[in-house]
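Novice: Okay, handing you the structure first.
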Amino acid sequence: MALLEIRNLHVSTEDGTEIVRGIDLSVDTNEIHAIMGPNGSGKSTLAYALMGHPAYQITEGDILLDGESVLELEADERARRGLFLAFQYPHAVPGVTVASFLRSAINAVRKARAGGEDDPIKIPEFRKQLDAAMKQLKVPREMAGRYLNDGFSGGEKKRVEILQMALLNPRLAILDETDSGLDIDALRIVAGGVRELVGPDMGALVITHYQRILNYIKPDFVHVFVDGRIVREGGPELAEQLEAEGYETFTPEPIGGEA
Amino acid sequence: MATTETQVVGEIGNEYRYGFHDPEDYFFKSGRGLTREVVAAISEHKNEPQWMRDFRLKSLDYFEARPMPTWGGDLSGIDFDNIYYYIKPTENQAKSWEDLPPDIKQTWDRLGIPEAERKFLAGVGAQYESEVVYHKLQADLEEKGVLFLDMDSGLREHEELVRQYFGTIIPQNDNKFAALNSAVWSGGSFIYVPPGVSIEMPLQAYFRINAENMGQFERTLIIVDEGAYVHYVEGCTAPIYTTDSLHSAVVEIIVKPGARCRYTTIQNWSNNVYNLVTKRAVAYENATMEWVDGNLGSKQTMKYPAIWLMGEGAHGEVLSIAFAGDGQHQDAGGKAVHVAPNTSSVITSKSISKNGGRSSYRGLLEVAKGATGARSKVVCDALILDEDSRTDTYPYIRIDENDVDIGHEATVSKIGEEQLFYLMSRGLSEAEAAAMIVSGFVEPITKELPLEYAVEMNRLIQLQMEGSVG
């Protein structure tokens, strides 16, 4: 039984437009999967649907985490079961500091894991974990006292997303276009952070438009995603082929005159 | 301070947390309703000097002559004939915690006062019913010559000082409810800080209404002498009763040249209380006055802390939070009146409306002729949590001087679905996520509160948010 199993998943927007048109995918611990696709192929919709965004309807298929369907679960329950989404465009929460937000989120996850009993992290332990993770991801200390994503640069937002991932210890992390807005140095640090976390307890699904991040993250599997479907699967070499040839090679024949 | 929301989840329910009350065991209780006899009896009972008795009776005349205000909120539910205007719970003031009667102690235990005292209090004046019964002034305050008493004791022990200032900032005929307070006032705090004395720890008082149909009419007078500093903090909770209750306080503050005063209030009246308070301060040359005012609970609040900037270089700030839920109308804001040159003021108002609640910002900014170089900034932000709720802004501006710098900004916002989803994707429930957004929204004000009040504020927000979304 894989950690995450996506079965024949179809996802539509609220107005009924089908964006994800039946995909099958399994991600296990110790594995990094990359989903590569052009803009508008439905990659972010897939990420949101996996996390439980209320604006997207699952019209067919299933999402299983540790063999159990999560379709009926709200985003917070999915998070407490170990799903994590690093957002392409993280939202600002003015007035709430990064540190305070992280502690609340950690405590929410801990509470779920303690069977609904409050089990707040001790402040010194939290400080220690936060300091260590910030150091590793080269996030300046002063960021902990700033309001979450409020006035952050693109790169700062992405690093803080990975910082959240590091502290929340998810079982499966979905990274939606985490490479956009990062310079090479930041990319290297972020990719190193992901690489480090993936292991016997965690798997990752890296969604990207470009091969660039994959040079550092080194995925085990690559899935080419075009027009709501996976059109090709393979090893890391597939990413290089894509980079060289572009997505046109992989575009499927239109079905029934759809655009 | 947005760190505590998740800690309190699960430990609090939807019922009003302070909705308990202890058996009534009163030493003296005036009859229901307001007459000359009642007012005279209050004065008699307190052994007041003749001038105060006359002041009260004259105030009663003003109260009776003035019509009910027709602006602001709906006050038609107030029945002046069905209110006790004076209740004295125990004969004498207790000097220490041990001396307090057990049922009063029990009430305060539930409010957590002993713990708060141990940690933070520099001196406690807590009001139980109409009168302060408990006072403790730390030795160092006494040494510095600081006076911190309940108003009744202040009048008895420092009559000349009281007589010099009492009713000078808010005249007894200022408005109907100030007149009412002037007639029947009881309790409140009297504070005098001598020149150059700076009190680092906030002075605190807890207030509590505990008798059905009882009005609470405390009267506070604070004099901060030249170059001195004081931070006075009051917090209110009240038990739930089925009939309407009235709270009508008067707070007068004098901030002398170079002095600074901060007055912090967090009020959480039960949802049947009319909370009609007149607060006004005067700030002289280079003095600073700051009102931090949080209004949760109550049925109808009308409260606009005012600052008169009387001397050159004076500065005033009003920070106001209002949280209006089901059946509540918070009509709150602030007033700044620039009388002298080069004075500055900032009014920051944050309101939250949910479950059909209504919050109104009502503010006055006035610059008199000759107050050249006056600067003022008014910012009011409203957060509306659902379609049934309402927010309004009534900014009154009167400028009689050309050389001024005035700014006014107002925003209305809602909690966005995307913002909620982002927080929920980190494991926070919808209510926790919404509470976090609200806590962040009011953070510019909660960060100005003493720690225990900031914690309490966030707990109250969490409580208010339970079951209000989704």
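Novice: For a quick check: with amide H placed at 1.01 Å from N, whose amide H comes under 5 Å from B:Val233's, ignoring anything fewer than 5 positions away on the same chain?
Specialist: B:Leu203, B:Gln204, B:Ala205, B:Thr264
Novice: Counting each DSSP H run of 4 or more residues in chain A as -39500 (n - 2.57), what helix-only mean residue ellipticity at 222 nm follows after dividing by all residues, to the nearest 500 deg cm²/dmol?
Specialist: My calculation for chain A gives -10500 deg cm²/dmol from helical runs alone.
Novice: Additional query: Given a cut-off of under 8 Å on Cα pairs at least six residues apart, what relative contact order in percent is computed for chain A?
Specialist: The value is 28 percent.
Novice: Thinking of the stretch A:91-221 as a set of Cα atoms, what percent of all their pairs are more than 23 Å apart?
Specialist: 33 percent
Novice: I would also like to ask the following. What residues qualify as long-range amide H neighbours of A:Thr59, i.e. H under 5 Å apart, gap of 5 or more or another chain, H built at 1.01 Å from N?
Specialist: Residues meeting the amide H criterion: A:His10, A:Val11, A:Ser12.
Novice: Out of the GluC sites (Glu not before Pro) in the stretch A:44-102, which ones are loop residues according to DSSP with at most 13 other C-beta atoms within 10 Å?
Specialist: Sparse-neighbourhood loop GluC sites (Glu not before Pro): A:Glu72.
Novice: If you take the alpha carbon radius of gyration of chain A and divide it by 2.2 N^0.38 Å, what ratio comes out, to two decimals?
Specialist: Expressed relative to 2.2 N^0.38 Å, the Cα Rg reads 1.00.
Novice: Suppose we look only past 20 Å in the calculated P(r) of the stretch B:322-470. What percent of the Cα-Cα pairs does that tail hold?
Specialist: 55 percent
Novice: Right, something else. For every other residue with a beta carbon closer than 12 angstrom to the beta carbon of A:Phe221, add +1 if it is Lys or Arg and -1 if Asp or Glu, then tell me the sum.
Specialist: Combined, the nearby Lys, Arg, Asp and Glu give -3.
Novice: While we're here: Given a Förster distance of 22 Å, report the FRET efficiency between B:Asn402 and B:Ala65 from their Cβ-Cβ distance, rounded to the nearest 0.05.
Specialist: 0.05
Novice: Pull out a ≥ b ≥ c, the square roots of the eigenvalues of the alpha-carbon gyration tensor of the stretch B:380-437, then state rounded if a/c is under 1.5, prolate if not and a/b is larger than b/c, and oblate in the remaining case.
Specialist: In terms of gyration-tensor shape, prolate.
Novice: Strictly over 23 Å apart at the Cα level, which of A:Lys158/A:Lys218; A:Lys43/A:Lys158; B:Lys144/B:Lys303; B:Lys279/B:Lys299 would you flag in this model?
Specialist: In this structure, B:Lys144/B:Lys303 lie more than 23 Å apart at Cα.
Only the coordinates and a few stated rules stand behind these numbers; no lab work does. Just so you know, these numbers come straight off a predicted model, no measurement behind them. Glycine gets a Cβ as well: all are built from the backbone with ideal geometry, and neighbour counts include every protein chain shown.
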